[in-house]
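Trainee: Let me begin by handing over the structure; questions about it come next.
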Amino acid sequence: MTSPSVVWLRDDLRLADNPALHAAVERGGPVVVLVLLDEETPGIRPLGGAARWWLHHSLQALDGSLRELGASLTLRRGAAADAVPALVGEVGAGAVFWNRRYGKAPRDADAALKAALRDEGLTAESFQANLLFEPWTVQTGQGQPFKVFTPFWRACLDRPEPRQPLPAPDSLEPPEAAPASDDLDDWQLLPTQPDWAAGLRDTWTPGEAAALDALEEFATGHLADYGERDFPAQEATSRMSPRLRFGEVSPFQIWHRMRGDLPPASRERAQSFLREVVWREFNHTILFTSPDLATVSYRPEFEAFPWADVPEHEIDAWRHGRTGVPLVDAGMRQLWTTGWMHNRVRMVTASFLIKNMLVDWRVGEQWFWDTLVDADEANNPANWQWTAGSGADAAPYFRVFNPVLQGEKFDKERNYVRAWVPEVDGDDYPEPLVDLKESRRRALDAYESMRRTSPAEG
């Protein structure tokens, strides 16, 4: 009789195209599916509030799907180094399978656990599941990681086609006795006092089934309008980012759906969308080589940048959409209400905080980390650093998004702004927090000051 296998899920909350689960089924015998709330392993960043909300509902959906196959979800808390071996001992498992992570702290924890399990004579294997192109597989001709996206994208296209997605199992054999599991409600992932998640509930349905439905709806619908994706009032984006972040859908599934049967009007847009998917891969490659991406400037000279001493009430005005700049306020209110913001507006709101208000990019990165349902350990800091000018392949610091001109160009009829800032045309709407022209000049002066004083710039 084959001993049980433990499948440890993390950012891969799905049954289809899950190589770790597939390996357990192929091995035969009972399968125990574990999700661990690890807030103890050093260096692993705790989830923000919006991501915790998403995780709760995604786990509910996953447990329901597992029960349809004859299994159930085992929930545990604690450091992986302790909790995983404890479960292995309880169920008499002979193998542990998981899908790889790419941040340094998770990677180190996984490597140590794999070695410890193997020392005990167990099978312990990890798999490629959540990136199409793992960081060490796409390098320059000199064997170095890419620091510029376009050649990275071209190198990815030159590689063999990503593998086909794996099917979901038809059934799962449970262990003779189900292991003890935490009650999901006891994890307290949902906000209660106050309950600020009404807008999230109205906007999203987490879970694998909803993710696959959303992918199909995008492929056969809004993908045709993807050329209009810069216009925030348009329904032209995929909104797949939180589903990718939690692994309810895999990049392999997305890649091959975009390469599959599409309406004629959508085929030319599919490549543009895949380019955005590969931007996510590029950011994970940056994280792989720069593990402190959320706290340390990728370009070290920016550690000497002269940020302003901005009063907290002004930063709060940005956080809650009260800056007096309509496009910025609309984006920040959309974020607070739905846990998501249109990508172009993300760039505008970030540029306003960093360059018009002269606030350290880390302040904004932390706010987005706490309020985005798609907050990702690579994308979030990499994109903030891109806007700040301190990141890889970054927008030059002297590129300052003018939020008024951006609104005139991409929200000409003000449909997006009026949806989120209904008082924008009234007398009660505040004056802008800063003068855009003067604050732009101040930002450029600060940049020149950094260039003159930073050793990295000579």
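The values are calculated or read from the model by the stated rules, or taken from the named source; none is laboratory data. Small disclaimer: the values here were computed from a predicted structure and weren't measured. Cβ atoms come from the backbone with ideal geometry, glycine included; neighbour counts cover every protein chain shown.
Trainee: Of the residues in segment 300-311, how many are loosely packed, with under 14 Cβ neighbours inside 10 Å and part of a loop (DSSP other than H, G, I, E, B)? Steps first, answer last, please.
Mentor: Here is the first cut: in segment 300-311, the ones loosely packed, with under 14 Cβ neighbours inside 10 Å are 300, 303, 306, 309, 311.
In the following step, the residues that additionally are part of a loop (DSSP other than H, G, I, E, B) were identified as 306, 309, 311.
Residues flagged as loosely packed, with under 14 Cβ neighbours inside 10 Å and part of a loop (DSSP other than H, G, I, E, B) within segment 300-311 amount to 3.
Trainee: Looking at (1) of a type outside the set (Gly, Ala, Ser); (2) under 29 Å from residue 340 (Cβ atoms); (3) in contact (Cβ under 8 Å) with a residue 60 or more places away in the chain, which is the one condition that is false for residue 167?
Mentor: So the condition that residue 167 fails would be (2).
Trainee: Any idea which of 305, 282 is assigned by TED's automatic domain parsing to the domain that holds residue 235 and among the aromatic types (Phe, Trp, Tyr)?
Mentor: Exactly one of 305, 282 is assigned by TED's automatic domain parsing to the domain that holds residue 235 and among the aromatic types (Phe, Trp, Tyr), namely 282.
Trainee: Now for a separate question. So, residue 297, is that one in a helix (DSSP H, G or I) and not acidic (Asp, Glu) or not?
Mentor: Spelling it out, it is not the case that residue 297 is in a helix (DSSP H, G or I) and not acidic (Asp, Glu).
Trainee: Something else now. Quick one: in segment 312-332, of everything that is in contact with a Lys or Arg (Cβ under 9 Å, 6 or more places away or on another chain) and surrounded by fewer than 19 Cβ atoms within 10 Å (Cβ to Cβ), which residue is farthest from residue 426 (Cα to Cα)?
Mentor: 316
Trainee: Additional query: Here is a list of conditions, (1) of a type in the set (Gly, Ala, Ser); (2) touching a residue at least 24 places away in the same chain (Cβ under 8 Å); (3) outside any loop (DSSP other than H, G, I, E, B), and residue 3 meets all of them except one; can you say which number that is?
Mentor: (3)
Trainee: Here is a further query. What residue, of 424, 434, 417, is within 26 Å of residue 308 (Cα to Cα) and either in a loop (DSSP other than H, G, I, E, B) or of a type outside the set (D, E, K, R) (or both)?
Mentor: Going through 424, 434, 417 in turn, just one is within 26 Å of residue 308 (Cα to Cα) and either in a loop (DSSP other than H, G, I, E, B) or of a type outside the set (D, E, K, R) (or both): 434.
Trainee: Could you please find all residues in segment 142-180 being loosely packed, with under 15 Cβ neighbours inside 10 Å and either over 30 Å from residue 256 (Cα atoms) or of a type in the set (Phe, Trp, Tyr) (or both)?
Mentor: 142, 176, 177, 178, 180
Trainee: Take the residues in segment 304-323 that are of a type outside the set (A, V, I, L, M, F, W, C) and touching a helix residue (DSSP H, G or I) at 6+ places or on another chain (Cβ under 8 Å); name whichever of them is nearest to residue 448 (Cα to Cα).
Mentor: Looking at the filtered set, the residue picked out is 306.
Trainee: If I go through segment 364-384 residue by residue, how many of them are among the acidic types (Asp, Glu) and in contact with a Pro (Cβ under 8 Å, 6 or more places away or on another chain)?
Mentor: So the first thing to find is which residues in segment 364-384 are among the acidic types (Asp, Glu), and the list is 365, 370, 374, 376-377.
From what is left, the residues that are in contact with a Pro (Cβ under 8 Å, 6 or more places away or on another chain) are 365, 374.
So the count comes out to 2.
Trainee: Within segment 359-414, how many residues turn out to be of a type in the set (Phe, Trp, Tyr) and outside any helix (DSSP H, G or I)?
Mentor: 3
Trainee: Of all residues being assigned to a loop (DSSP other than H, G, I, E, B) and among the aliphatic types (A, V, I, L, M) in segment 63-79, which is nearest to residue 37 (Cα to Cα)? Just the residue, please.
Mentor: This residue is 79.
Trainee: Right, something else. With the structure loaded, tell me whether residue 84 is modelled with pLDDT of 95 or more, assigned to a helix (DSSP H, G or I) and within 21 Å of residue 171 (Cβ to Cβ) or whether it fails that test.
Mentor: No.
Trainee: For residue 332, are the conditions met, namely being in contact with a His (Cβ under 7 Å, 6 or more places away or on another chain), under 21 Å from residue 419 (Cβ atoms) and at pLDDT 95 or above?
Mentor: Judged against the criteria, residue 332 is a match.
For every residue, the table says whether it meets (1) without any contact (Cβ under 8 Å) to a residue 60 or more places away in the chain; (2) closer than 21 Å to residue 237 by Cβ; (3) in contact with a helix residue (DSSP H, G or I) (Cβ under 8 Å, 6 or more places away or on another chain).
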| position | (1), (2), (3) |
| --- | --- |
| 125 | no, no, yes |
| 155 | yes, no, no |
| 183 | no, no, no |
| 188 | yes, no, no |
| 197 | no, no, yes |
| 211 | no, yes, yes |
| 217 | yes, yes, no |
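Trainee: State all residues of segment 110-161 that are small (Gly, Ala, Ser), in contact with an Asp or Glu (Cβ under 9 Å, 6 or more places away or on another chain) and outside any loop (DSSP other than H, G, I, E, B); if no residue qualifies, say none. Talk me through it step by step, then tell me what you get.
Mentor: At the first step, the residues of segment 110-161 found to be small (Gly, Ala, Ser) are 111-112, 115-116, 121, 124, 126, 129, 141, 143, 155.
Now restrict to residues that are in contact with an Asp or Glu (Cβ under 9 Å, 6 or more places away or on another chain): 126, 129.
Answer for segment 110-161, where residues must be small (Gly, Ala, Ser), in contact with an Asp or Glu (Cβ under 9 Å, 6 or more places away or on another chain) and outside any loop (DSSP other than H, G, I, E, B): just 126.
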